[in-house]
Amino acid sequence: MVKWKDKRLLITGLTTILALGSIIHFHLILGVTLVFTHFFYVPILLSTYWYGRRGMIVPILLIIALMISNLISFDFEAFIEDVARSSIMLLVGFVMSRVSERDKEHIRRLEENEQTLKEAQRIGQIGNWEWNIKDNSLKWSEEVYRIFGVEQSDFVPTYDNYFLMVPEEERERIRSAITRSLKNGSVLEIDHKILLKQGAMKVVHQRGEVVLDKDGRPLKMMGIVQDITERMKIEDKLRMANKKLSLITSISRHDLKNMITSISGYLDLGLRAEKEEKRRLYLEKAILNLKNLQDLIDEAKDFQDIGIREPEWIEVRKILEKFRPKVEETGRLFDNRVDELFVFCDPSLERILFNLVDNSLRHAKNASFIRFSVALKENGIVLICEDDGPGVVFEDKEEIFKKGVGKNTGLGLFFVKEALKECDMTVVENGDYGKGARFEIFIPSYKVRYKKSN
């Protein structure tokens with residue numbers, strides 16, 4: 001394909017040759033006064049506008065050719081007339097070259113400003129957009145394409161295509177904010193998540209303003225989008241760090257003191273007991289409290305590690321199989337019905353699932369099985385852990401996830417809920433009391449790779 005730069009050179013060359021050819025044809029061959037001299041201005045204007053001062057070579061060349069042809073044909077009257085024409089040609093060429101240089105400088109500055117804007121948007125991870133309300137089309141700057149992880153060549157930005165990249169659970173909130181802005185003429189300002197093709201997720205900040213037509217009706221909306229993923233990660237880490245600090249301080253000040261006091265008391269009673277049976281009983285209680293103390297320290301450490309390691313794709317079935325020996329040694333059936341399920345999560349997922357199993361082993365003494373299964377949802381899946389023990393009374397279904405609730409460390413289910421929250425997941429207890437406990441972990445679709453076996 002011929003480039004525009006080459007086309008300009010070709011057009012300039014052809015028009016110049018035609019002008020020179022007309023001189024030769026009329027003056028030297030036909031021997032008549034040159035006609036169509038106004039055609040000379042075509043190559044002069046083209047060359048001086050496209051090439052600036054360098055293009056002045058064309059009017060100079062034409063003037064020299066014109067003068068030489070007049071001298072050869074001894075047409076001195078035409079020579080005098082062409083001197084005047086030549087002055088005008090030079091003046092036109094000079095003026096056009098100045099216009100060209102001014103326009104090129106203006107274009108250069110515009111390109112520099114545009115490039116500076118692009119660099120500023122790239123550095124600040126901010127892009128601008130324009131939404132045409134009438135046809136639902138969107139115009140994105142280059143940075144918006146980068147933020148959304150798509151190529152300009154294979155993605156058409158429209159209102160509907162934009163929402164395909166938003167998690168389903170966030171769409172209604174965004175639509176409501178847009179509708180409110182269009183209705184009231186207020187500024188749209190909202191943070192939300194977007195899904196990338198690679199399965200990753202980002203958090204963006206959107207701000208837009210409504211542009212009205214002459215009748216006061218919404219015509220379009222213009223705004224900016226900023227990638228605030230890293231900022232949100234930092235804020236989440238600070239929030240989590242404060243929560244961890246508060247928890248560890250609380251454990252150090254309260255739980256550890258109580259357990260150490262309890263252990264010390266049982267040991268003291270054991271030393272003073274006269275009967276062997278009593279001493280053994282107190283010693284067993286002291287050992288049990290020591291185990292609970294160790295569990296408390298381990299769970300506090302696991303809680304402290306949440307968010308430190310990067311999330312990764314974890315095969316759930318493989319993790320669950322690690323718990324089989326522990327469950328089956330208690331005489332219970334371990335029913336693992338989870339197929340090829342991969343979850344994008346913090347490595348603490350193993351501890352989360354272990355706590356659910358351990359909770360069942362501790363509190364459902366008469367249960368005959370622990371079962372893990374999967375239920376499909378429109379916008380994700382539910383990982384289910386259930387048993388056939390006594391279950392949880394309705395009043396305690398939320399209480400059991402609070403810190404300090406329970407007969408042991410009081411951190412088991414609290415850790416489960418908080419750790420899942422950091423992975424954008426939720427957990428609820430939905431079992432029927434008297435029929436068994438049923439913990440349901442909801443995992444959004446963008447964090448799941450699932451293939452059900454036949």
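Nothing in this text is a laboratory measurement; each read-out follows from the coordinates by a stated rule. The structure displayed is predicted, hence computed values, not measured ones. Every residue, glycine as well, gets a Cβ built from its backbone with ideal geometry; the counts of neighbours run over all protein chains shown.
For the reader, a short list of remarks on this structure follows.
- For region 125-227, the dipole from Cβ point charges (+1 on Lys and Arg, -1 on Asp and Glu) about the Cα centre works out to 280 debye, to the nearest 20.
- Spin-label model, Val92 to Leu271: label points 7 Å out along the Cα-to-beta-carbon direction sit 11.6 nm apart.
- Test item: Cα-centred dipole of region 308-447, Lys/Arg +1 and Asp/Glu -1 on Cβ, debye: 360 debye
- Neighbour-count ranking [beta-carbon atoms within 10 angstrom, fewest first] of Ile147, Ile190: Ile190, Ile147
- Which of Lys322, Lys447, Lys193 has the fewest Cβ neighbours within 10 Å, and the rest in rising order: Lys322, Lys193, Lys447
- Sorted fewest first by neighbouring Cβ atoms within 10 angstrom, His363, His192, His106 come out as His106, His192, His363.
- Gain on full stretching of the segment that runs from Thr116 to Glu440 - 0.36 nm per residue minus C-alpha separation: 111.6 nm
- Rg/Rh for region 125-227, where both radii come from Cα atoms and Rh is the Kirkwood radius: 0.95
- Computed over neighbours whose Cβ is under 12 Å from that of Met165, the net charge equals +1, Lys and Arg +1, Asp and Glu -1.
- The label-point distance for Lys322 and Leu219, in a model that sets each label 7 Å from Cα toward Cβ, rounds to 6.2 nm.
- Among 376-388, 326-338, the peptide with the highest mean count of other Cβ atoms within 10 Å heads the list, and the full ranking is 376-388, 326-338.
- Taking Lys and Arg as +1 and Asp and Glu as -1, the other residues whose beta-carbon sits under 14 Å from that of Val156 total -3.
- Residue-span extension gain [Phe369 to Leu14] - 0.36 nm each, minus C-alpha spacing: 118.7 nm
- Cα-based shape type of region 172-223, given that a ≥ b ≥ c are square roots of the gyration tensor eigenvalues and the cut on a/c is 1.5: prolate
- Summarising the label geometry, the points placed 7 Å from Cα in the beta-carbon direction at His192 and Gln152 lie 2.5 nm from one another.
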